[in-house]
1. Trypsin sites (Lys or Arg not before Pro) within the stretch 179-233: which are DSSP loop residues with at most 16 other Cβ atoms inside 10 Å?
2. Percent relative contact order of the stretch 126-281, based on C-alpha pairs within less than 8 angstrom and at least six residues apart?
3. Spin-label point model (7 Å from Cα, Cβ direction): what's the PHE220 to ARG51 distance in nm?
4. Using DSSP to define loop residues, name the chymotrypsin sites (Phe, Trp or Tyr not before Pro) in the stretch 211-268 whose beta-carbon has at most 14 other beta-carbon atoms within 10 Å.
5. Got a number for carbon plus sulfur as a percent of the stretch 137-281's accessible area, 1.4 Å probe?
6. Assuming R0 = 30 Å, what is the FRET efficiency of MET200 and ARG276, from their Cβ-Cβ distance, to the nearest 0.05?
7. So between HIS234 and THR208, what do we pick up on full extension, going 0.36 nm a residue minus the alpha carbon distance?
8. Check ILE280: other-chain or 5+ apart residues with amide H under 5 Å from its amide H, H built from backbone geometry?
Amino acid sequence: MDDLTQQGVLGHLMALERGGLARQDPHQSEKLEMLIVTAVTLRTKRDQLKRQVEDIKILKDKIKSGLPLDDDDEGPAELQRSLLTAWRMQLKDLQHAHHLIGGYDVVECKEGRSVCVCFHTAFEGVYLDTYNMELDMTRTVQISRHNIPPSIPLERFAKQNLQKDFKAFLETLSQNLNALAARKQQLSLIKELVGSVEVMESNQLCNTLVLMCKAQGETFAVVLCTLQYRDLAHYLPTHVCIESEDETLSESEQWKKNRALFLESPAHMALLTMKRMGSIV
């Protein structure tokens, strides 16, 4: 009896299920078909996005490696816009950072297809020369025009970092321009503040400076101070040579201290200190 009852209940439930399916809303089948079409469309878009991401990755890897882009690399306009947007976002970050700490300013021009970088140089709180450079940003970053001094190895800096590390390129160039301006300013201040010292030799980079001064004493011995700036990103000399007709003078304790002064302070300040100490006339 229980088995018959159980079978009757199961049969009744199965009958209800069949009846429910028979009375199913016809609109549901249409919705199901729409969902299937939507799923296919989304999968197609997903595959397209995967291909675009891979294409962008390949282009970025080529740019970072400094490899030339082929004509086949142009891709759809969306890829070019994506790359350009990425460059512009990086430039905005750099512009914000260096607006706060100084050094250079980055300004978009030609509707974002290029940027202009303005390098401000200063020394001891005095603003000096300003240099400008325009960069083409349409595909890879290329220097369009500039007024950077020929003595600055701009081409070498660009080959090292322009494509691989744009921020490092700008920082290196800014440091070298500021160091050059500082060395030039020191040369001007020597002529202005220390009239007894004669500048015997200098060059465009101001990385070699020969100064002639007279030592205090009975004979007023002539002393040649040769300052060499082998690190062009800094304004202090890396090597100082002291020569004199008095051979014992250059090895004296006083002139060893004078040599250290040149290595630790700007040239004009070192000379003024030497004058106050009575080392030179």
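The values are calculated or read from the model by the stated rules, or taken from the named source; none is laboratory data. The shown structure was predicted, so the numbers you read here are calculated from the model rather than taken from an experiment. Please note: Cβ atoms are built from the backbone with ideal geometry, for glycine as well, and neighbour counts cover all protein chains shown. Surface accessibility is based on the protein's heavy atoms, side chains included, excluding ligands, DNA and RNA. Shrake-Rupley method; radii C 1.70, N 1.55, O 1.52, S 1.80 Å.
1. Values: sites: ARG183, LYS184, LYS191, LYS214, ARG230; in loops: ARG230.
Passing both the DSSP loop test and the Cβ count: ARG230.
2. On the way: 225 pairs, mean separation 25.2, N = 156.
Once divided by the residue count of the stretch 126-281, the mean separation gives 16 percent.
3. Placing both labels 7 Å along Cα→Cβ, they lie 8.6 nm apart.
4. Details: sites: PHE220, TYR229, TYR235, TRP255, PHE262; in loops: PHE220, TYR229, TYR235.
Those that pass, being in a loop and sparsely packed, are PHE220.
5. Numbers: 3650 of 7530 Å².
Taking all protein chains in place, the stretch 137-281 shows 49 percent carbon and sulfur surface.
6. Numbers: r = 23 Å, r/R0 = 0.76.
Efficiency for this residue pair is about 0.85.
7. That works out to 8.1 nm of additional length.
8. It is GLN216, LYS275, by chain and number.
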